Amino acid sequence: MLEKNNTPGKLIIVEGIDGSGKSTQIDLLYKWLQTQGQSVYFSEWNSSGLVKSTTKLAKKRKLFTPTTFSLLQCTDFADRWENRILPMLKAGVIVLADRYAFTAFGRDVARGVDRKWVRNLYSFALQPDIAIYFRVPLDIAIQRITSARAKLKYYEAGMDLNLSDSRIQSFKLFQERILNEYDRMVDEFNLTIIDGSLTVQAQQRLVREIVKQELKGWKGLPIPEGSPHVRLQAEISAETGGR
Ligand SMILES: Nc1ncnc2c1ncn2[C@@H]1O[C@H](COP(=O)(O)OP(=O)(O)OP(=O)(O)O)[C@@H](O)[C@H]1O
Ligand SMILES: [Mg+2]
């Protein structure tokens, strides 16, 4: 159980295994909300500058254990949470997150980390107003990933788990475990399932319906010129190239 979001902002997050279509859908949602005149902030998993070099080094040298990987990714999330996401929510902004704590609950547990322990680690996070789980059969996700990407990376394929010497086989087994974890989380965290095997357009229609429903009667907050939020938004915009 995560605590309810009592801030004036709205938190909308997407989850699903690799290649389930999360980024495609949240990107379209982001643009659509902007055209509706909404103030939107986007945050991506594993994108904090605070631990970037450490994460890169540990991946390159294969230094991570399941626990250190989990702790570092949680630090990345906590940095974004405290310095970006929560201030934005408090300012009445719609925050969109490409992956959330549930990614850690899936991946870290698939790596052998204790379910309760990792949930406790992220207990500072709030329950999103909307948490969409793009559910796709493993084969479809794998097909999409392998045709879109040159080579699966070591940790991405779960090679640290010694499931198989073949990267693709290891990836399949790893993603299968994560898929099982996601399925367990549907009721636990009230995830809204969208069939990720539908077309991009069909899924986006469903996403917008869900979001429209949630935003009905919600006005956000008026944003005074020169407020800390406006400055923060401008700063981040400059950092991320206007995203
Ligand atoms: N509904 C769809 N039908 C067919 N292909 C799709 C669909 N949605 C996304 N794709 C394609 O599948 C690939 C993976 O999509 P996307 O990057 O959105 O997935 P993701 O869930 O964000 O993956 P990751 O977890 O690796 O970031 C991309 O090449 C994308 O163009
Ligand atoms: Mg993505």
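The values are calculated or read from the model by the stated rules, or taken from the named source; none is laboratory data. This is a predicted model, so every value here is computed, not measured. Cβ: placed from backbone, ideal geometry, glycine included. Neighbour counts: every protein chain shown. Note: areas computed on protein heavy atoms with side chains; ligands, DNA, RNA excluded. Shrake-Rupley method; radii C 1.70, N 1.55, O 1.52, S 1.80 Å.
Going through region 10-44 one residue at a time, which ones are among the acidic types (Asp, Glu) and either free of Cβ contacts under 8 Å to residues at least 40 places away in the same chain or assigned to a strand (DSSP E or B) (or both)? Full working, then the answer.
So in region 10-44, the residues among the acidic types (Asp, Glu) come out as 15, 18, 27, 44.
Matches in region 10-44: 15, 27, 44.
Within region 191-210, which residues are open to solvent by 60 Å² or more (accessible area, probe 1.4 Å) and touching a residue at least 40 places away in the same chain (Cβ under 8 Å)? Quick ask: steps written out before the conclusion?
Step one: list which residues in region 191-210 are open to solvent by 60 Å² or more (accessible area, probe 1.4 Å), which gives 193, 195, 198-201, 205-206, 208-209.
Of everything in region 191-210, those that are open to solvent by 60 Å² or more (accessible area, probe 1.4 Å) and touching a residue at least 40 places away in the same chain (Cβ under 8 Å) turn out to be 193, 195, 200, 208.
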Among the numbered conditions (1) closer than 15 Å to residue 128 by Cα; (2) surrounded by 21 or more Cβ atoms within 10 Å (Cβ to Cβ), tell me where residue 86 comes up short. (2)
Inter-residue pairs, beta-carbon under 7 Å, first on the phi < 0 side of the Ramachandran plot and in region 167-190, second of a type in the set (D, E, K, R), 6+ apart: 175/18; 178/107; 182/15
Which one of these does residue 143 not meet: (1) open to solvent by less than 20 Å² (accessible area, probe 1.4 Å); (2) modelled with pLDDT under 95; (3) not small (Gly, Ala, Ser)? (1)
With the structure loaded, tell me whether residue 93 is in contact with a Lys or Arg (Cβ under 6 Å, 6 or more places away or on another chain) and either of a type outside the set (A, V, I, L, M) or surrounded by 21 or more Cβ atoms within 10 Å (Cβ to Cβ) (or both) or whether it fails that test. no
So for region 33-46 (the condition being within 16 Å of ligand 1 (Cβ to nearest atom), farther than 14 Å from residue 97 by Cα and either open to solvent by less than 30 Å² (accessible area, probe 1.4 Å) or modelled with pLDDT of 95 or more (or both)), does at least one residue qualify? no
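Residue-wise test of (1) away from ligand 1 (no atom under 16 Å from the Cβ); (2) among the aromatic types (Phe, Trp, Tyr); (3) within 27 Å of residue 135 (Cα to Cα).
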{"site": "2", "(1), (2), (3)": "yes, no, yes"}
{"site": "8", "(1), (2), (3)": "yes, no, no"}
{"site": "21", "(1), (2), (3)": "no, no, yes"}
{"site": "27", "(1), (2), (3)": "no, no, yes"}
{"site": "62", "(1), (2), (3)": "yes, no, no"}
{"site": "69", "(1), (2), (3)": "yes, yes, yes"}
